[in-house]
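To start, the structure itself, in structure tokens.
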Amino acid sequence: MSFGLELLLKVGVVAAIAPAMALGLTILEIKGSAYMQRRPGPLHVGLRGFIFPIAEVLKFFQKEDIIPAQADRSVFKWAPAYIFVSVFGLFVIIPASPTLVVRDLELGVFYLLAISSLSTIGVLTAGWSSANKFSMIGGLRAAAQLIAYELPLILSVIGVVIQAETMSLVGIVEAQKEWGVPFVLAGQLIAFLVFMTAATAEMMRVPFDMPIGESELVSGFLTEYSGIRFLLFYISEYINLFVMCAIASTIFLGGYHIPFLPLDWVNFYGPLVLIGKTFFLGFILILIRWSFPRFREDQLQSIAWKILVPVSLANIFVTSIMKVVF
Amino acid sequence: MVTTIDPENRPFVSEASVSVEIETEGMTLNIGPQHPSTHGVLRLVAKVEGEQIFNVEPVLGYMHRGYEKLAEVRTYPQVTTLVNRIDWVSGFANEIPFMAATEELMEIEVPQRALYIRLILTEMARICSHFVFNGAYPLEIGALTPLFYAMEDRERVLDLIESVTGGRFHPNFNRIGGIKPAAGAGPTTKKDIQDLPIGFYKETQLAMEKILAAADKFEDLVGGNEVFRARTKGVGVLPYDIASSYGVSGPILRASGVKFDLRSTTDYLPYKDLDFEIPIGENGDCYDRWYVRLQEIRESAKLVLQAIDAIPTGPLQTKVPKVIKVPKGEAYVRAENPKGEMGYYVISEGGLGPYRLKIRTASFSNISVLPWILEGVLIPDLLAIMGSFDFVLGDVDR
């Protein structure tokens with residue numbers, strides 16, 4: 001198969017899977033929150049409420065795409081694309097099986113860091129170009145938060161990298177296969193918790209949703225967006241949720257691998273196992289989202305710098321010692 | 001009020017919509033009048049430096065409906081309709097002080113049974129109001145779920161109020177000299193005749209038990225939440241001397257540690273026959289203001305339970321003339337409303353309606369302390385503090 005054709009195929013598959021997963025998580029979120037809040041709408045209206053998320057998405061297509069008069073038009077228009085690309089780009093390294101992966105990069109973890117920090121630019125430009133003070137504050141808060149939580153996000157993975165002796169995500173899963181247990185049970189529990197916390201903050205979900213805190217900043221950097229551009233943000237949010245949970249389940253929960261299943265069939269059950277693990281983590285984040293208020297901006301920063309960074313550094317230290325001793 | 005707008009130094013309106021550049025000396029952030037969490041149309045012109053606020057100027061009047069003036073061209077029974085709409089979250093409680101002031105002018109003795117029904121419904125209105133706060137306050141700091149639980153529990157009480165008065169928010173149930181009798185009711189000799197719906201006592205008992213359980217649930221779910229505590233403890237501390245010098249009243253004053261409750265000191269309703277506690281806070285921060293209101297829900301539920309046991313039989317209405325004319329004079333009656341002290345100053349010239357009606361509302365006085373308390377706080381705390389004040393714009397602007 002020629003390189004061009006292969007690329008086209010891979011992009012096509014990712015482009016088909018990503019929105020489907022986003023829709024799945026949207027349904028999970030809407031139904032989950034409705035169960036928690038006893039809301040009759042999403043539970044009973046229209047095909048037992050399953051029509052709700054679809055209506056939610058379709059609604060945006062018929063809305064007017066408003067660009068504020070004072071906005072920096074081109075920047076304003078392109079800001080959602082930045083975020084979409086950065087989220088989409090992360091699909092490259094997620095392995096659904098040893099072979100079902102867009103590209104198994106040697107430096108997969110580095111790629112994760114590099115691509116996920118792209119969204120900072122999108123958020124900042126969205127906030128700045130909207131010509132709205134609430135957007136501006138939201139954008140700045142988001143940028144500060146994304147930069148602060150990038151560090152623990154990566155530092156927590158480094159413990160795993162040391163343990164697995166590779167940065168490739170496929171390699172990390174294979175290492176867990178050799179260990180027999182996923183890394184979350186093999187001494188990386190703290191790293192897992194740090195990673196999930198930092199990932200929640202990277203996704204700007206409750207309790208770390210200060211940048212888009214709707215009760216104070218109206219909608220933060222999203223305030224002036226409407227119609228299809230808002231939909232891009234919205235979908236990226238859920239794709240991001242899927243990607244982050246998929247990476248977490250790959251690195252810490254064994255990814256596509258599940259014990260006692262025939263390894264020859266991994267191409268068939270691998271994607272399903274990965275999606276199952278991902279949705280499990282996603283569901284936990286959904287539970288958290290609907291149970292907690294949000295942290296204040298300074299509390300967010302001190303959690304990142306005073307707790308998560310030292311803890312993940314200590315984790316690296318301990319992991320290295322264990323690696324040398326045993 | 002301390003924060004009148006100085007015409008020389010009027011907040012620069014167009015600045016809010018145009019300027020996007022951040023000067024190092026800070027910017028003016030215009031919060032409201034259309035903002036998700038200003039509870040309506042309060043406008044705050046905040047001078048901010050980064051995330052820190054160094055000056056806040058509340059701008060009121062977007063919802064001024066001129067009730068004091070309207071009352072002058074209405075007869076006394078018609079004013080009840082107006083006052084229902086001042087603080088719409090607890091419509092029934094607004095009627096009481098006006099009725100009490102009018103009755104004081106007319107020197108009418110209200111039958112005990114009517115007073116007890118008034119008391120029961122006032123306390124129910126208090127429960128409604130505090131449940132709205134309980135749902136809205138976590139929403140203000142980012143948690144959506146408690147709102148749905150609070151609304152569900154408030155609905156039980158609203159149903160009871162509706163079953164008695166026929167209205168959920170605006171009961172318009174009080175009459176001068178008593179309460180509105182059901183059609184053809186006449187003097188009642190035993191419980192459960194036509195003044196209260198059949199089964200009201202039993203339903204109330206069940207509902208109040210559910211309310212008490214709901215208060216426990218809220219204390220666990222919201223009060224026990226680490227993030228909620230982190231956001232509210234030590235935030236927006238209001239010392240009692242500042243609170244009382246600004247005329248702050250109600251749960252906010254009590255949260256600052258002042259044991260002041262008009263229910264126990266005045267006798268506009270027979271609270272003295274019943275046994276209840278006045279919860280007070282220790283630190284005067286947002287958490288205390290939330291917790292005092294939660295405690296008040298419990299106390300109100302207990303009051304209602306006691307009142308339905310102690311309610312005497314008898315007539316609902318004193319004999320009053322068909323056309324109510326109030327003798328010349330002045331009267332001021334204040335009452336402990338859910339939001340704080342509410343008072344009506346009625347001046348009568350002997351006509352069919354009040355010559356002048358001055359309404360002292362709790363929210364108006366309570367938010368006058370906002371500029372003091374918001375100085376130097378962060379923008380997220382502004383919302384946490386503002387939410388803890390639990391004001392209703394109808395109560396501010398009238």
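If you find the alpha carbon centre of region A:250-326 and of region A:1-26, how far apart are they in angstrom?
Rounded to whole Å, the Cα centres lie 24 Å apart.
Let me check I've understood the local charge: for B:LEU105, count other residues with C-beta under 12 angstrom from its C-beta, Lys and Arg +1, Asp and Glu -1. What total comes out?
On the way: positive: B:LYS325, B:LYS328; negative: B:GLU103, B:GLU104, B:GLU107, B:GLU330, B:GLU349.
My count for the surroundings of B:LEU105 gives -3.
Let me know the charge dipole size of chain B about its Cα centre in debye, to the nearest 20, where only the beta-carbon of Lys, Arg (+1) and Asp, Glu (-1) is charged.
On the way: 41 positive and 53 negative charges, 345 e Å.
Dipole size: approximately 1660 debye.
Pairs of alpha-carbon atoms within less than 8 angstrom and 6+ residues apart define the contacts here; what relative contact order does chain B have, in percent?
Numbers: 759 pairs, mean separation 101.6, N = 398.
The normalised contact order for chain B reaches 26 percent.
Averaged over A:214-222, how many beta carbons belonging to a partner chain fall within 10 Å of each residue's beta carbon?
Values: counts 5, 17, 14, 6, 5, 1, 0, 0, 0.
Whole-number average of other-chain Cβ neighbours for A:214-222 is 5.
So which of B:LYS69/B:LYS217; A:LYS31/B:LYS339; B:LYS202/B:LYS272; A:LYS306/B:LYS233 end up more than 32 Å apart by C-alpha?
Details: B:LYS69/B:LYS217 44 Å; A:LYS31/B:LYS339 36 Å; B:LYS202/B:LYS272 24 Å; A:LYS306/B:LYS233 20 Å.
Long pairs (Cα-Cα over 32 Å): B:LYS69/B:LYS217; A:LYS31/B:LYS339.
Assign one of three labels to region B:67-397, namely rounded, prolate or oblate, based on the Cα gyration tensor with a ≥ b ≥ c the square roots of its eigenvalues; rounded applies when a/c is under 1.5, prolate when it is not and a/b is larger than b/c, and oblate otherwise.
Values: a/c = 2.14, a/b = 1.39, b/c = 1.54.
The shape class here is oblate.
Could you go through region B:127-139 in sequence order and give the Karplus-derived ³J(HN,Hα) for each residue, using 6.51 cos²θ - 1.76 cosθ + 1.60 with θ = phi - 60°, rounded to whole Hz, and x for Gly and Pro?
4, 4, 4, 6, 5, 4, 4, 4, x, 7, 5, x, 4
Round to the nearest 0.05 the FRET efficiency obtained for A:LEU7 and A:LEU47 when R0 = 35 Å and r is the Cβ-Cβ distance. Please report the intermediate quantities before stating the final value.
Numbers: r = 38 Å, r/R0 = 1.09.
Efficiency, rounded to the nearest 0.05: 0.40.
Take the alpha carbon gyration tensor of region A:1-154, find the square roots of its eigenvalues, order them as a ≥ b ≥ c, and report rounded if a/c is under 1.5; if not, report prolate when a/b exceeds b/c, else oblate. Provide the component values of the computation, followed by the final result.
Details: a/c = 1.61, a/b = 1.08, b/c = 1.48.
Oblate.
Nothing charged except the Cβ atoms of Lys and Arg (+1) and of Asp and Glu (-1): what's the magnitude of the dipole of region B:252-301 about its Cα centre? Round to the nearest 20 debye. Don't skip to the answer; put the middle values down first.
Numbers: 7 positive and 10 negative charges, 25 e Å.
Value, rounded to 20: 120 debye.
Roughly how far apart, in whole Å, are the Cα centres of region B:252-300 and region B:319-367?
24
Could you rank the peptides B:360-373, A:37-50 by their average count of other C-beta atoms within 10 Å per residue, with the highest value first? Please report the intermediate quantities before stating the final value.
Numbers: B:360-373: 22.3, A:37-50: 13.9.
The most tightly packed comes first, giving B:360-373, A:37-50.
In which sequence would A:TRP290, A:TRP265, A:TRP305, B:TRP290 go, from the one with the fewest C-beta neighbours within 10 Å to the one with the most?
Working: A:TRP290 18, A:TRP265 10, A:TRP305 14, B:TRP290 28.
Lowest count first: A:TRP265, A:TRP305, A:TRP290, B:TRP290.
For region B:33-165, give the magnitude of the charge dipole about the Cα centre (Cβ charges: +1 Lys/Arg, -1 Asp/Glu; no others), in debye to the nearest 20. Could you put the intermediate results ahead of the total?
Values: 11 positive and 18 negative charges, 54 e Å.
With Lys and Arg at +1 and Asp and Glu at -1, about 260 debye.
Of B:ILE324, B:ASN366, B:TYR345, which is farthest along the charge dipole of region B:317-398 in the positive direction, counting Lys and Arg as +1 and Asp and Glu as -1 at C-beta?
B:ILE324
Read the figures in this text as sums done on the coordinates, not as results from a lab. Given the structure is predicted, the values throughout are model-derived calculations rather than measurements. For neighbour counting, all protein chains shown are included, and Cβ atoms are generated from backbone atoms with ideal geometry for every residue, glycine included.
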